[in-house]
Structures are given as structure tokens and as C-alpha cells.
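These notes concern the structure reproduced below.
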Amino acid sequence: MNAPNQIPYRILVTKVGLDGHDRGSRIVAAYLRDAGMEVIYTPPWQSLDAVVRLAGDEDVDLVGISSLSTDHLIIPDLMSRLTAADLTHVRVVVGGIVPDEEYPLLLESGVSAILGPGTDRGTIVEQISGFAAAARHERDTEFI
Amino acid sequence: MDVLESKPRSLIRALKAGDRRAIGRAITLAETDQARITGLCQEIGPHTGHAQIIGITGPPGSGKSTLIDGLISTLRRLSHTVAVVAVDPSSPISGGAILGDRLRMHSHNADDGVFIRSLSTRGHLGGLTPAVHSIIDILEFAGFGRIILETVGTGQSEIEIAEIAQTIVVLCAPGMGDHVQTLKAGVLEIADILVVNKADLAGADLTVQQLKAMLALRPPVHGQVPVLQTTATTVSGLDELVDAIVYHGVKDGGDSTRRRRERTRRLLASRAGALLQERLLRHGDGNLDAICDTLERGERSLEDSARDVLKLKYT
Amino acid sequence: MRRRTNPASTDLYDQAHAQWEKEYDQNIHSKVPVQNRSGIPIQPLYGPTRDSAENYLEALGFPGQVPYTRGIYTTMHRGKTWSQRQLIGQGTPDEYNKRVLQLIDAGTTAISLIPCNSVYRGNDCDDVPLPLLGTCGTVINTADHMDSALKGVDIGSISTAMNDPSPFTLLSFVLNTADRRSISWQHISGTSNQSDFLSHFVANHMFFRLSLEGARRILVDHIAFCRQRIPHWNPLSVVGQHMQQAGATPAQAMGFTLSSALQYGRDCLEHGMDPDDFLPRFTFFFDISMSLFEEVAKFRAGRRIWANLTQNELGAKTAHARRFKFHGQTSGADLTRQQPLNNITRVSTQAIAGILGGLQSLHTDAYDEVSNVPNEHPARIAVATQNILREEAGLCDVIDPLGGSWYVEDLTDQMEKKILNVMAVVENEGGMFKAVESGLVQRIIGESALNWQSRVDSGEQKIIGVNCYRTPPAEDQQTVTPTVRPAAEKMRAQVEQLRRFKNERSQADVKRTLAELSRAANSKNDNVFSKVVEATAAGVTHGEVVGCLRQELGFGHPLIVD
């Protein structure tokens, strides 16, 4: 949660791959807004390059990806593209359905956390705030 | 950009080279770090003031997002570089916001000639954000010749847009009942171009007639206001709209020094006014208290008291 | 408690009632009012209505008679049980073929086909990142693929349901396959599932391919074509599932679905079709939630409303044209990742609700569906669930067994009111097409979704394992079997094979039929679907058909509303 007078965290909430269900991402976007954050919310089916561009142009602290179905399988590719674009400070959190045994695939590629079905609102906001704060701390040394 | 340059890099140089990370970062600084951005803006100031700033406003349901997307595509086809600044109101309760969800239906993300940024008003009441002037300069400096300012079109945002943008495009759609009748008088006053979108729907012609009739009642202060029809979903009418926008920019900008001076003066007045207000509302100023005393006792009029305030010296 | 006068022994009744009320008030612990998902207050007790006897024929009727409240067939499940139609689809056409032959061997007479997500998005497999292919459905891009998928399957006698949104390329491939096997289209039966583009625009964006106007045009062409050429095919399945899963209350889901059906009916009428001819081929598809009695009432009310609507709004004259036929699927939205085996109980409850609600066919989810496409063991349990309910629980013995229950009759009436309210809001907006175009429907659903979520967040709505009766994650059951993914080499081979196919087919035929398709899309008098069938026969791929129509009629962008 942003402290009063603190600059709001900027969070990109998006979907990659093929699935289009957005009930969950809409609710999370509302949670984050109500916690004082700025949410850049996109339609589904964003290409990986689009996500990288959005993350940079909108200068976000964190990218939240809602993944049902199997779309999480292309997230490791996204992580390497973010690195190549010099956006390593940007944290990535995945929400939705990921089979247990595919957690390491994501976490090892650099995803900060996976928030599965049934995660409560307080945890979602707390985790995302924490990661966004860390991202912010890292990025401010890039330009003079 | 020099890839071998080590960090931290010079922000100005990166901006000049059109580096997108730099643009993204500079815009954030404009919103958050007054001190740092003032210096930057002073440096880039002399190089700006020539971009065409296009304000686009219209009610929900007028098809604005599709239209802007079509505009971007058309402008790009004609080799213009385009930036879009989309402003949404922040929640008065939490201070947070959901931004830009109406954009990005169509993808310009592979196009380096397009830059889109979503902003929140962050509590500012005017519908835009105080940082918008610096942000426009930053975008221009980074190479974008047409800058679209877009808001949800509620509250005071039209007025603020009118103060900043040179070319105001007002959008409406047919079949919105009596919306045309209820179009706020203020909005009609500031429009440079009126657009009836969703022109494929029944009632479009009628809406055009109604708008022309309302315009006829206006004194022609800034010349003829074209009323155009578009169907953004099929890209119909967009070429004509772009022509009208560019033409307005040229016509208006033929007087570009005057316009630039006007914008500078408004900016200065707004900033100086804000500083003065800040100063005046601070407590413990003996001079100010004295003026308040005589005003309260009815010994000086409000008008005279205000002039007295201006005579005080503030550093 | 509702007060109604019972003509017989009124005084005694009133006394007993007063007594009960007094004692109830004295002994009840919680005075918090109870509400179901649709917002209807639930009383502790329901009594007979005074004029129930006189109203019986009008409000309920006998099974198989208008208004069909108690069931659309005379014998219902006692005569012929609901069909068991489990969704299947994974990997390559050959893998699908293996699975479907197994099912047919085990006695199935009705099959379904779920295509890959890439197919839903309108892509061919050579256009999609490899890891995403075939994970949730079968990759079918050409008539050849369909032919392989249905090798050894007698499509002249087996009913095929396919998830096949506009422009219905999968059906097109099936027709091409029938031609190759010299099977007359008169013998082809099944359903174009997911033909309801309005529900996709609102709540299942993955299925939404073409612009609203484009999809509208093609659906009408499709229905007209099927009515003329494939008499045993159901060209339309109006879907309530997506909206309910997106958060609509059951009453809203039914209301919006009936409004969509009304819209489609009107579009067909405008096209000059005969309601007594096309209405019998309109089918419905619903989500079944855990709210058992509410779901039963929802379906009973739905039948009654549709019977009236078809006559009053669409001019249906025959009884046949006023029947509400539906398939139900247990709701995945109610399942939990925590303590996954509990989902077996949930699915079972939902299935009972659907059966007692009088469905015609049923799909039961597997308990691991919260995490992946069902693995074999959980899938078997899902099938067994239906078998147990059918054979062991005696649920088929009585038609509409909950009919006459004071609660269920009252609830049916109340659900009917709620549903009609929703439909009135839509009608006020100008009909379902306008209501989704403006975002009104989406906003209503979004509000319900938020409302539900805040009740879960606060603990007011309890979900076992999630906000109460929890198990620490380390001790919780894991999703039992490891996730099976299609073999990468198989998918790569499929992609290669498609590329070769594209090179080796007759480019002239492809060009010609695609040009025809474009022309038809731009002309008001042609039947676009008939051109799709011609094109796919000539070797045009799924992606090419969708690409062409997106070009001519517009890409389907979902509407994002606050």
C-alpha cells in the first residue's frame, strides 16, 4: 500500500498468449487501484514485444500477468526479452493457474512470485507492493 | 545511441537520441521530481514549441479509442511522428487509478514513430495534470511532431485542454439522443474541429446538421469550424480528419511565434500564480496579517487589499 | 414466512402458523437474512399457495407440454436419460482420434471436439509459439486434419458437437469429410457449440474472432445454410456459461442468454426464415453452480419464459418450436485449487442440480481442472460421477421431482421475475446486440463479480479450503498426476506438415475460393458460410478463412469497460 504522499506504484496488468478470460485480472486491477496504485490495464493477447515496450514506455515498477490455460509457458521468453531491453529492475508477478511442477520453470526464469487461485486480497496487495518497492529502489540510478 | 556508454547515462543526450527508456523515465520525473525536471526543461525549452498539440475530447460511447487508433495509423502513413498522452482521473479515496484501458486495442507497439503514455491526475482537479507542460516538451524534444492529449472528457478537463492544445477536436456520435443538445456550451466554444463518429449509423446526417446549426449561432472568432463524419471502425473519413488537423496546425502555426508566446505566458501566469498562492497561504507573515486586519475591519476593499498584496515583495 | 390462504381449514391453519412463527422466532439463533446468489431472499419455510391448483396448467403444465416448466419431454430422464457428453480435445488429430475411438468403444454415441486455443484465436499452427500448441485442445487447421481426427468414426450416425465459433470452419471441415466419404449431409447430426458470438464478446474473448457486425451476418447465413442443407444439425447454441463464469448471477446469466436468443431469433426472422423451422434447432448451454435449488429454479423458469417468448415475440406456432433444450456443464468457477479432491463433491452437487433441473445433456468437470486439462484418472471419476447419479441415486425415476416443493415453486416464480427484469433492462437498451455494444451487460456482470469477490474476501461467502477449513499448503493434496503436455516433436511435425500442405495444394483453387469468399462477405445477398465450405474443400486453411473474413468484416476486438 502506498503511504500518503508517496508516489503511486505503476503496475502493468496484462495477458499474453491465447487466452482471453479477464475476470481475475479486472478484479486484481481494482484491488490495486483501491490500494493507491496506478494500473495500466491492457486487453488480452499482447505480444511479448508489446509487453516489453509497455513496461518501458510507461516506466512501470511491476508487470502482473494473468495466465490461465497454458500461456505461462511463454513467460520465460518474456523474462529474457525484458533483460535484453535493460528492464531487469521491473518485477514480474504471475497470477492464475500454473501446475505445481511448472513453478520452477517460471521462478528460475526470474518471475518474482506466482499467486494462485484463492490467494486473498491482502496477500496480493502486500506482495505486489513489496516487489514494486524493490523495483523502484533499483531503477533510480539509471540516468543522471 | 552509443551502446558502449556506461551508466548512469545523460538523460538529455538519451532524449535527444529518441531513446525510449529515457522518455519513459523523464516523464516519470516530470510527475515526481520537480527540481530535477526544471533544469531539464530549461535546457530543452529553446528547442521546443513547434510540435502540434492536438486535444481530443468526447463522451464515453463516441468511439474515441478506435478513432485515435485510426488517427495514429493515418498520421503514421503520412510519416508524421505521434505521441499520445492519455489522462484518467485518480480515485479521490485511494489516490490510485486504472489507466489507458481504452487504448491499445490495436497495436502500434512495433512502431518507433509512436509513443503512448498513460497518466493519472493524481488528485489534481483540473482533469489534466500539472506536469503535462513538461511532458509535452519532453516528447517534442525526443522527436514527436504531433502530440495528442486525450482525456475522458468529464469535469474541467476540456477547459484545461483548451489552454494547452492548439487544435481541439471534439467528438460525438449519432443516436446519443439529445446529447448534441446537451453538449456543454463550453465544449462547443473551444472546438476547432467537430467530428461525428459512427457515421454509418442512422442519424449521423441529422447530428451534423444540428452541430452546424449550433455553430452558426456562434460568432466566428477563430474562423470556420469544419464538421466531419468518420466511421473509425472502417477508417472512413480519417484522411479528411487528418487533413483538417494538419491544416489547422499550419494555419494556426503560421503564426507560431505568437502562439508560442501565448503558451509561454499562460504557463508563466499559471506557475507564478501557484507560487504566489503557496506563499500567501503560509502562516506567520506579519505583512499579510496586517492587510487581512484592515480588510476585515472594512477599512480597505477586497480589490484594494489584493493590490496591496501584489505590492508586497516576495522572494 | 409467506402468508397464503388455504381454502381448507383456514382458521386451524392460521393458528398453527402463528404458533410456529412464535416458536421459530424464540429459538432461531441468527436473525441475519439469507440471500442466494441472484439476490433473492430465502425464507426458512414455504407454504402452499392459495391458487396453485387453478394455476397449475398455466404456470407449470405437464412434462412435454407448454410451458414446459416441469420438463420438455413427456418422459424426461425416466424415459431417456440425459446424454453424457464429455468434452475432449488435445494435441494432434491422431491423438484425438485415438481418444475418441476409445470412447466410442466404451459405448459413447455422442462425441465432442475441443480445438486448440490457437484455433480459437483464428491462427494456423505455423503462426503460434510452439509451447502453446495443442495444450488445451486439438490442432485442426484443414479438412485433412478433420478427416484424420475422425478416422473410423461414422459421422453419419454419431452426433458431433464442436466448439466452433464463427465462421464455423470446423463444421466446414466435417462437411468436406462427409463429401470425401460419400456420406449425405442429411445424415450429419450435432451442434455448432460456441456459435453465440454475443456471449464471446461479453465474456469469453478468446472465442471472439470477427467484429460484432461481421459475426452477426455470418451467424444468420450459417443458420440459414444449415436449415436448408443439414437438417439434423443444431446451428446455434446460445451460451449462458461464459457470463455466469464471468460473475453474472444465475438469474442474470439466464436473462442475458434468453435476450441473446431473442436477438438471434429476430435476426433470423428479418432474414425471412420461418420460426417454426429454425426455433427447434436453437439449443442452449449453461453453467451449473453449487447453488443447487437456485439452479433448478433457474432452469424451470427458463423453460417457462422461453415457451412464452417464442410464441409472443417470435411468432412460433408449433409446440416443438417453443421447447427450451439445453446442455449443462458443472461450473469450473466454483472449484478450488486447495484440497482439490473436494471438487469431486462439488461437481457431484452441481450435476445433481442440473439433472433435477431437467437438462438434456451434461458434462461433469474433472477435479484437477483447476490446474490443467484433465488427466485420465480424474476424467474417469468425472464420468463415473454421472454413472453413479444415474444408476445408483434414482434421480431418473421421477420427472421434475422437486416440482410441487413449496420452496422450489416459489423460487421458480421469483427467479422468473428476476430474469424478466434483466431482460427488460436489455430490451430498454434496444436489445441484446445494442446492450453489449454499449457495454451495459459487461458492466452489470462486472459489478456482480466484484460483489461476489468482496463477499468471499470478507468471509461472508464461505469456500471450504480457501477462506475456512484450510490446510497449510505444504500438507495439502497436490494436483495428483503430473501435467501432460503434447510432445514437442509431434507438434513440430504437425507444423512442418502444414507448411508442406500449403505449398503442395492448388494455389489457383485457393486463390479463387478466397476471392469468392471476400466477394460474398461484401455482398448482402450471398451466403458467406456456403463460401467457407467451398474454400475449405479447396484446401484453404482455418487461419486463411478467418484472416480473409477479418480483413473484410473487421477484427473482433473485445470491449474493455470499467
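Readers should treat all values here as calculations from the given coordinates under stated rules, not as data from a laboratory. None of the values given here were measured: they were computed from a predicted structure. Note that each Cβ is placed from the backbone with ideal geometry, even for glycine, and that neighbours are counted across all protein chains shown.
Which percent, nearest 5, of DSSP beta bridges in the protein assembly as shown are antiparallel?
5
Write down the percent of antiparallel bridges among all DSSP beta bridges whose residues are both part of chain C, to the nearest 5.
Percentage antiparallel, nearest 5: 5.
Of the peptides B:239-250, C:238-249, C:210-221, how do they stack up when ordered by the mean number of other Cβ atoms within 10 Å, highest first?
Descending mean neighbour count gives C:238-249, C:210-221, B:239-250.
Can you spot the lysines whose alpha carbon is less than 25 Å from C:Lys31's alpha carbon? Ignore those fewer than 8 places along the same chain.
Leaving aside lysines fewer than 8 places away in the same chain, those within reach of C:Lys31 are C:Lys22, C:Lys418, C:Lys462.
As I understand it, the dipole of the protein assembly as shown uses +1 on the Cβ of Lys and Arg and -1 on the Cβ of Asp and Glu, about the Cα centre. Which of A:Thr119, C:His363, C:Gln186 lies farthest toward its positive end?
It is C:Gln186.
Could you list C:Leu113, C:Leu389 so that the one with the fewest beta carbons within 10 Å of its beta carbon is first and the one with the most is last?
C:Leu389, C:Leu113
How much mean residue ellipticity at 222 nm does chain C get from its helices, if each DSSP H run of length 4 or more adds -39500 (n - 2.57) and you divide by all residues, to the nearest 500 deg cm²/dmol?
Dividing the helical sum by the residues of chain C leaves -15000 deg cm²/dmol.
Taking the Cα centre of segment C:160-245 as origin, sum charge times position over the Cβ atoms of Lys and Arg (+1) and Asp and Glu (-1), and report the length of that vector in debye to the nearest 20.
For segment C:160-245, the charge dipole is close to 180 debye.
List the trypsin sites (Lys or Arg not before Pro) within segment C:292-387 that DSSP assigns to loop and that have no more than 14 neighbouring Cβ atoms inside 10 Å.
Sparse-neighbourhood loop trypsin sites (Lys or Arg not before Pro): C:Lys317.
How far, in nm, would the chain grow between B:Ala17 and B:Arg261 when pulled straight, counting 0.36 nm per residue and subtracting the alpha carbon separation?
85.1 nm
Can you tell me which of C:132-140, C:173-181 comes out highest on packing, and rank the rest after it, using the mean Cβ neighbours within 10 Å?
Per-residue Cβ counts within 10 Å, averaged per peptide and sorted highest first, yield C:132-140, C:173-181.
Could you pull out which residues in segment A:91-113 have an amide N less than 17 Å from a spot 7 Å beyond the Cα of A:His137, following the Cα-Cβ vector?
A:91-92, A:112-113
About the Cα centre of segment A:1-103, how large is the charge dipole given +1 on each Lys and Arg Cβ and -1 on each Asp and Glu Cβ? Please answer in debye to the nearest 20.
280
Given labels modelled 7 Å from the Cα in the Cβ direction, how far is it in nm from B:Arg279 to B:Arg76?
Label-label distance for B:Arg279 and B:Arg76, simple model: 4.8 nm.
If you count, for every residue in C:418-425, the Cβ atoms of partner chains within 10 Å of its Cβ, what is the mean?
0
Under 15 Å from the Cβ of C:Val32, count the other residues' Cβ atoms, weight Lys and Arg +1, Asp and Glu -1, and hand me the total.
After counting each charged neighbour, the total is +1.
For a 23 Å ceiling on Cα separation, which of these pairs sit above it: C:Lys80/C:Lys325; C:Lys490/C:Lys511; A:Lys15/C:Lys434?
In this structure, C:Lys490/C:Lys511; A:Lys15/C:Lys434 exceed 23 Å between Cα atoms.
When you look at the Cβ of every residue in C:131-137, what mean number of other chain Cβ atoms sits within 10 Å?
5
With only Lys, Arg, Asp and Glu charged, each at its Cβ (+1 for the first two, -1 for the last two), find how big the charge dipole of the protein assembly as shown is about the Cα centre; round to the nearest 20 debye.
The calculated dipole for the protein assembly as shown is roughly 1020 debye.
What is the distance in Å between the Cα centroid of segment C:495-518 and that of segment C:264-314?
Centre-to-centre distance over Cα atoms comes out at 40 Å.
Give me the inter-chain shielding for A:92-103: mean count of other chain Cβ atoms within 10 Å, whole number please.
3
Mean Kyte-Doolittle of at least -1.0 plus a Cα span of 20 Å or more along the axis: flag which DSSP H helices in chain A meet both, please.
Membrane-span-like by this rule: A:121-139.
How much length, in nm to one decimal, is gained on full extension between C:Glu447 and C:Leu130, taken as 0.36 nm per residue of separation minus their Cα-Cα distance?
In short, 110.4 nm is gained.
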